[in-house]
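For reference, the structure is listed below as structure tokens.
The values are calculated or read from the model by the stated rules, or taken from the named source; none is laboratory data. Fair warning: this is a prediction, and the values are worked out from it, not measured in the lab. Cβ atoms come from the backbone with ideal geometry, glycine included; neighbour counts cover every protein chain shown. Quick note on the areas: whole protein, heavy atoms, side chains included, nothing else; ligands and nucleic acids left out. Shrake-Rupley method; radii C 1.70, N 1.55, O 1.52, S 1.80 Å.
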Amino acid sequence: MKVIKKNEELSGSNFDRFRTAMVKVRFSNARSDIENSNASAQEYKMLSLDLMDEVTRENGDNKNSVSNVVEKWVTRLKPRYWQEDLVEFCQSKDDIVLAYEIRKDNEQAFIIVMDDSTIDENVLQYNDFGFEILKKYVEISDFMVLDVITCSGIEYMFDEVNTIYKRG
Amino acid sequence: MPTAQEHKKKYQDNKEVLNSVFDCNNKLHCNWIVTISFYISLHIIEAKLAKEQNLHSRDHKQRDEMIENCGLFSRNVKNKYKQLKSNCWSARYSKNDMAPTIANQMKRFAEEIEAEVFPEQNK
């Protein structure tokens, strides 16, 4: 995880907006100030860390409602790798034989290999899934849906081919 | 850069060649049927991009981005075009030849893309 330096400067207006909101006793009145702020993710990280330090100082490491909220967020933000999504998807489909991770010219992509790609409904659904992965993970630059015949002997086209799913 | 009309002429010429020269039941023709079907769909896409938004792509990657972001194409069209592209790639680089079933499917996908993108062509 990237270490955030305490001495990084916060932009003055965002910090003021945040400070003004948080020092008010009635948080509900300050909510719109927070919603309207345009602080960067980095700034929010710093502010969150400051708040967590403060809560820890006051409450020690005992669980409280604030730490429950933090825990939920951390769980939600845990990095999920695209391979996990792909394997999970392949496991849910009977006609997916293999999935490859491929690399070429420093670009990363994947191939789904079906028993038979001439079943429209399935092949189109798997392409749809491929587009979802492309949208979700910036590190993936492309994908293909092929079948056991059309994907035969294509390894030479790539720098690296790794099997990430094989039907049991 | 080609106009929408020029792209239309290209895909119609390709269709003419595909229908008059190639036979899906002839295994020797299947790789070419898949390849031509992909280029038919490519020119249909390019014609639509040029006509509706004056967009012109330089390569496959840029075209893919335009297809994704222009808002002109349904998921059905995007998925069929993507499958045509993948099989066209395989027709050129796989050690196996395309089967007649796939050649038929890809030819049909190109027709279905045309029917959805330019419905007036099929009236």
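Think of a 1.4 Å ball rolled over the protein heavy atoms: chain B then has 50 Å² of accessible area per residue.
Neighbours of B:Ala91, meaning other residues whose beta-carbon lies under 14 angstrom from its beta-carbon, give a summed charge of +3 when Lys and Arg score +1 and Asp and Glu score -1.
For A:Ile96, what is the net charge nearby, where nearby means another residue's Cβ is under 12 Å from its Cβ and Lys, Arg count +1, Asp, Glu -1?
Values: positive: A:Lys93, A:Lys166, A:Arg167; negative: A:Glu88, A:Asp94, A:Asp95, A:Asp115, A:Asp116, A:Asp147.
In short, -3.
Working note: Cα gyration tensor of chain B, eigenvalues times five, square-rooted, sorted largest first, giving semi-axes of 24, 16, 13 Å. Per residue, the accessible area of the stretch A:120-168 comes to 52 Å², computed with a 1.4 Å probe over protein heavy atoms only. Packing order of peptides A:39-50, A:120-131, B:28-39, B:3-14, highest average first: B:28-39, A:120-131, B:3-14, A:39-50 (average count of other Cβ atoms within 10 Å over each peptide's residues). Checking every one of the trypsin sites (Lys or Arg not before Pro) in the stretch B:76-117 against DSSP loop status and a limit of 16 other Cβ atoms within 10 Å picks out B:Lys95.
Of the peptides A:104-117, A:153-166, the ranking by mean beta-carbon count within 10 Å, highest at the top, reads A:104-117, A:153-166.
Counting only other chain Cβ atoms within 10 Å of each residue's Cβ, the peptide A:120-133 averages 4.
For the pair B and A, how large is the buried accessible area, both sides, in square angstrom to the nearest 100, if the probe is 1.4 Å? Write out the running numbers ahead of the final one.
Numbers: alone 7250 and 12090 Å², together 17240 Å².
In total, chains B and A hide about 2100 Å² from solvent.
Within the stretch B:8-92, what whole-number % of the accessible surface is contributed by carbon and sulfur, with the 1.4 Å probe and all protein chains included in the calculation?
Details: 1970 of 4070 Å².
About 48 percent, which is the carbon plus sulfur part of the accessible surface.
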